[in-house]
Amino acid sequence: MFQAVIFDMNGVIIEDERNHQQSWRKFCEDHGFQLSEEEFKREVFGRRESETFEFLFKRKLSEEEVNKYSNERVDIAIPIFKPIMEATPGLLEFLRYLKDQHVPMALATSSRKRYLEFIFDGLNLWQYFQVIVTSEDVKKGKPDPEVYLKAATQLGIPAEHCLAIEDSLSGIKSAQAAGMKVIGIATTHAPEEILQADKVILSFQQQSFEELLKF
């Protein structure tokens with residue numbers, strides 16, 4: 001078994017990518033931007049907010065501007081997701097299994113702390129994670145490996161002994177660049193779109209947890 005498991009959040013902990021997309025569409029509509037489906041996949045899914053904002057506004061933004069636009073988008077996202085918030089199928093059972101096996105867990109997300117706290121409070125997830133790394137803790141977003149390397153370092157476990165679980169192409173590339181094996185969960189993309197992952201699953205309920213962790 002791997003010495004630690006590092007989770008992405010959006011699309012892995014929660015299936016909020018459609019709501020995530022809805023909030024981005026509303027933000028874009030409010031600011032007069034139009035994104036194609038391909039641009040959403042390339043510039044939004046798995047990316048840091050600051051990078052998406054700079055793609056939209058076509059310029060470098062100050063920290064104050066990023067914070068302003070981030071809060072604006074989270075203000076849109078929370079009312080959309082709050083009434084239907086739930087963990088991905090089988091996720092809570094998997095977390096309990098790992099905890100019972102004394103496997104350290106970390107989160108490596110492109111989301112910001114405010115949205116993460118909203119999700120973790122709502123689903124009571126704090127008890128499972130020893131380390132949390134958000135977009136505000138790194139200089140480079142996925143597909144750069146920094147967020148996964150930082151999570152492994154804070155766990156005190158070599159990256160090559162950590163297993164990552166991701167749903168996005170940029171996230172899979174990020175974890176693999178850090179030297180980790182990656183399970184790709186087909187929530188945001190079709191299974192054939194994430195074959196770059198070392199293993200592809202449809203959900204945490206697809207097989208026993210012992211089989212899930214076998215490579």
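The values are calculated or read from the model by the stated rules, or taken from the named source; none is laboratory data. Note that this is a predicted model, so its numbers are computed, not measured. Note: ideal-geometry Cβ built from the backbone for every residue, glycine included; neighbour counts use all protein chains shown.
Of all residues being in contact with a Leu (Cβ under 8 Å, 6 or more places away or on another chain) and not in a loop (DSSP other than H, G, I, E, B) in segment 93-110, which is nearest to GLU211 (Cα to Cα)? Just the residue, please. Spell out how you get there, then give the answer.
Pass one, segment 93-110, residues in contact with a Leu (Cβ under 8 Å, 6 or more places away or on another chain): 94-95, 104-107, 109.
Subsequent filtering for residues that are not in a loop (DSSP other than H, G, I, E, B) retains 94-95, 105-107.
On the way: PHE94: 12, LEU95: 15, MET105: 18, ALA106: 21, LEU107: 22 Å.
Here the answer is PHE94.
Collect the residues in segment 27-51 that are small (Gly, Ala, Ser) and either within 14 Å of the chain's Cα centre (by Cα) or surrounded by fewer than 18 Cβ atoms within 10 Å (Cβ to Cβ) (or both), keeping them in residue-number order.
GLY32, SER36, GLY46
Mind checking which pairs have a first residue in segment 58-70 that is in contact (Cβ under 8 Å) with a residue 24 or more places away in the chain and a second that is part of a loop (DSSP other than H, G, I, E, B) and surrounded by 13 or more Cβ atoms within 10 Å (Cβ to Cβ), Cβ under 9 Å, 6 or more apart or different chains?
From segment 58-70, the pairs are TYR69/LEU61; SER70/ARG112.
Could you please give the count of residues in segment 111-125 that are modelled with pLDDT of 90 or more, crowded, with 20+ Cβ neighbours inside 10 Å and in a loop (DSSP other than H, G, I, E, B)?
Residues meeting the conditions: 1.
Output yes when any residue across segment 41-50 is polar (S, T, N, Q), closer than 17 Å to SER135 by Cα and part of a helix (DSSP H, G or I), and no when none is. Lay out the reasoning, then the answer.
First, the residues of segment 41-50 that are polar (S, T, N, Q): 50.
Now restrict to residues that are closer than 17 Å to SER135 by Cα: 50.
In the following step, the residues that additionally are part of a helix (DSSP H, G or I) were identified as 50.
Yes, there is a match, as at least one residue in segment 41-50 is polar (S, T, N, Q), closer than 17 Å to SER135 by Cα and part of a helix (DSSP H, G or I).
Quick one: in segment 13-40, of everything that is assigned to a loop (DSSP other than H, G, I, E, B) and out of contact with any Phe, Trp or Tyr (no Cβ under 9 Å at 6 or more places or on another chain), which residue is farthest from ALA186 (Cα to Cα)?
Start the filter on segment 13-40 by keeping residues that are assigned to a loop (DSSP other than H, G, I, E, B), which leaves 13, 15-16, 32-36.
Subset that is out of contact with any Phe, Trp or Tyr (no Cβ under 9 Å at 6 or more places or on another chain): 15, 32, 34, 36.
Details: GLU15: 10, GLY32: 31, GLN34: 26, SER36: 21 Å.
Checking each candidate, the answer is GLY32.
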